[in-house]
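K.L.:
A single structure is presented below for examination.
The values are calculated or read from the model by the stated rules, or taken from the named source; none is laboratory data. Please read these numbers as outputs of a predicted model, since none were measured by experiment. As a convention, Cβ positions derive from the backbone with ideal geometry for all residues, glycine included, and neighbour counts pool all protein chains shown.
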Amino acid sequence: MGTTSGSATGGANGLSPAFGVIKKIGGALFMLALTFIGLTAITFVIGRIMPNDPVVAIVGDRASKDVYDAMYLQLGLDKPLWEQYAIFLGNVLQGDFGTSVMTTRPVIEDIKRFFPATLELATIATIVGIVIGVPAGVLAAVRQGKMIDHIVRIFGLLGHSIPVFWLGMVALLIFYAKLDWVAGPGRIDFFYDGVVETVTGVILIDSLIAGDWDVFNNAVSHIILPASMLAIYSLAYISRMTRSFMLDQLNQEYVLTARVKGLKEGDVIWHHAFRNVLVQLITIIGLTYASLLEGSVLTETVFAWPGIGQYITNSLFNADMNAVIGGTLVVGISFVGINMLSDMLYRIVDPRAK
């Protein structure tokens with residue numbers, strides 16, 4: 001009797017951890033599905049209530065009533081909104097966002113072409129923000145009130161205050177038009193377009209894979225200015241938040257205790273205080289990266305960068321709602337994905353979050 005009871009108890013206890021993991025995974029998948037449905041629903045409804053007429057965008061404003069009505073029925077606009085959404089959701093789950101009126105290609109093909117350009121730009125800007133912004137923020141906190149602290153604070157203020165379109169045009173005028181240090185607008189010179197095979201869609205990586213240094217150098221020359229404009233924003237934000245987080249930790253009692261015990265200042269700063277701001281920093285970096293992916297429209301416009309932001313904007317001006325909805329949905333999914341990745345990372349960095 002005792003043995004049987006112990007076995008039953010042991011089996012139940014053995015199932016508990018596995019059941020907990022399954023429950024957490026199920027909950028995460030449910031929230032992801034719920035977020036996806038909400039995102040697609042909001043995007044779809046906004047696309048439908050926009051004043052632009054998708055039928056006119058396709059057939060033109062001089063089409064006859066019969067042609068207009070035929071296209072209206074073909075697009076399914078005569079159906080109730082919930083039925084239109086159900087059809088749209090079913091198509092999206094199959095990777096079908098419809099056809100772009102502007103490019104006459106499937107929207108998914110356009111996204112595969114334009115999104116890597118934005119990804120390339122935002123990734124470089126975020127890396128610059130991390131590599132320079134984090135140490136600058138830590139140094140500013142450690143030397144609070146000193147010259148380096150004032151410089152970081154002023155730069156953080158300017159980075160958020162100066163309009164990116166104005167700064168971009170000034171940068172083009174000085175470094176491209178006057179000094180000729182970098183290449184001008186665009187992602188690559190037209191005579192290099194299509195020279196290397198598209199593998200990832202990121203020209204810098206594809207040119208390295210192909211071993212074509214001429215294309216790589218040309219792509220680097222083109223990306224320096226737009227990436228720098230976005231990097232100013234990410235650098236300003238990350239350095240400012242790092243400084244704020246570190247100041248909070250440096251005023252904690254455990255830091256004073258570590259110093260009293262005679263630990264080296266470097267160990268106190270990096271091994272104790274900085275480790276406690278990592279979780280917050282991961283969240284900030286994730287949000288910064290996501291915001292660069294969705295908010296690089298002005299930068300892409302100024303530098304004629306063929307990214308997803310410019311694609312969505314041009315599609316909106318041309319009443320190309322399939323492209324607008326598809327592009328917006330992809331950016332939204334990327335935002336959710338980056339936030340989920342940040343959540344996973346800070347659970348790894350800080351086991352207490354589990």
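K.L.:
Just a yes or no: is a residue in the range 325-334 farther than 14 Å from PHE115 by Cα, surrounded by fewer than 22 Cβ atoms within 10 Å (Cβ to Cβ) and not aromatic (Phe, Trp, Tyr)?
P.N.:
No, the range 325-334 contains no residue that is farther than 14 Å from PHE115 by Cα, surrounded by fewer than 22 Cβ atoms within 10 Å (Cβ to Cβ) and not aromatic (Phe, Trp, Tyr).
K.L.:
Would a scan of the range 316-330 turn up a residue that is touching a strand residue (DSSP E or B) at 6+ places or on another chain (Cβ under 8 Å) and either in a helix (DSSP H, G or I) or on the phi > 0 side of the Ramachandran plot (or both)?
P.N.:
Within the range 316-330 (the criterion being touching a strand residue (DSSP E or B) at 6+ places or on another chain (Cβ under 8 Å) and either in a helix (DSSP H, G or I) or on the phi > 0 side of the Ramachandran plot (or both)), the answer is yes, since at least one residue qualifies.
K.L.:
Looking at (1) surrounded by fewer than 18 Cβ atoms within 10 Å (Cβ to Cβ); (2) at pLDDT 90 or above, which is the only condition ILE223 fails?
P.N.:
(1)
K.L.:
Then there's this: When the range 163-197 is examined, which residues are found to be loosely packed, with under 13 Cβ neighbours inside 10 Å, at negative phi and in a loop (DSSP other than H, G, I, E, B)?
P.N.:
Once the filter is applied, which keeps residues that are loosely packed, with under 13 Cβ neighbours inside 10 Å, at negative phi and in a loop (DSSP other than H, G, I, E, B), the range 163-197 yields PRO163, LEU179, TRP181, ASP193, GLU197.
K.L.:
In the range 275-290, which residues are surrounded by fewer than 21 Cβ atoms within 10 Å (Cβ to Cβ), more than 15 Å from the chain's Cα centre (by Cα) and of a type in the set (A, V, I, L, M, F, W, C)?
P.N.:
Answer for the range 275-290, where residues must be surrounded by fewer than 21 Cβ atoms within 10 Å (Cβ to Cβ), more than 15 Å from the chain's Cα centre (by Cα) and of a type in the set (A, V, I, L, M, F, W, C): LEU278, VAL279.
K.L.:
How many of the residues making up the range 239-268 are at pLDDT below 85 and under 24 Å from HIS160 (Cβ atoms)?
P.N.:
Count: 0.
K.L.:
Continuing with the same structure: Of all residues being surrounded by fewer than 22 Cβ atoms within 10 Å (Cβ to Cβ) and in a helix (DSSP H, G or I) in the range 291-305, which is modelled with the lowest pLDDT? Just the residue, please.
P.N.:
In this case the residue turns out to be GLU294.
K.L.:
Moving on. Determine the pairs where a residue that is farther than 21 Å from GLN84 by Cα and outside the structural domain of TYR85 (by TED's automatic domain parsing), located within the range 321-335, has a partner that is part of a helix (DSSP H, G or I) and of a type outside the set (Ser, Thr, Tyr) with Cβ atoms under 6 Å apart, the partner being 6 or more residues away or on another chain.
P.N.:
Filtered contacts from the range 321-335: VAL331/GLU294; SER334/LEU293; PHE335/ALA290.
K.L.:
Looking at the range 156-196, which of the residues that are small (Gly, Ala, Ser) and under 24 Å from ILE238 (Cβ atoms) is nearest to the chain's Cα centre (by Cα)?
P.N.:
Checked the range 156-196; the qualifying residue nearest to the chain's Cα centre (by Cα) is GLY159.
K.L.:
Could you pull out every one of the helices (runs of 4 or more DSSP H) wholly within the range 19-116 that has 1 or more residues that are touching a residue at least 60 places away in the same chain (Cβ under 8 Å) and surrounded by 11 or more Cβ atoms within 10 Å (Cβ to Cβ)?
P.N.:
Here the list reads 54-59, 81-93.
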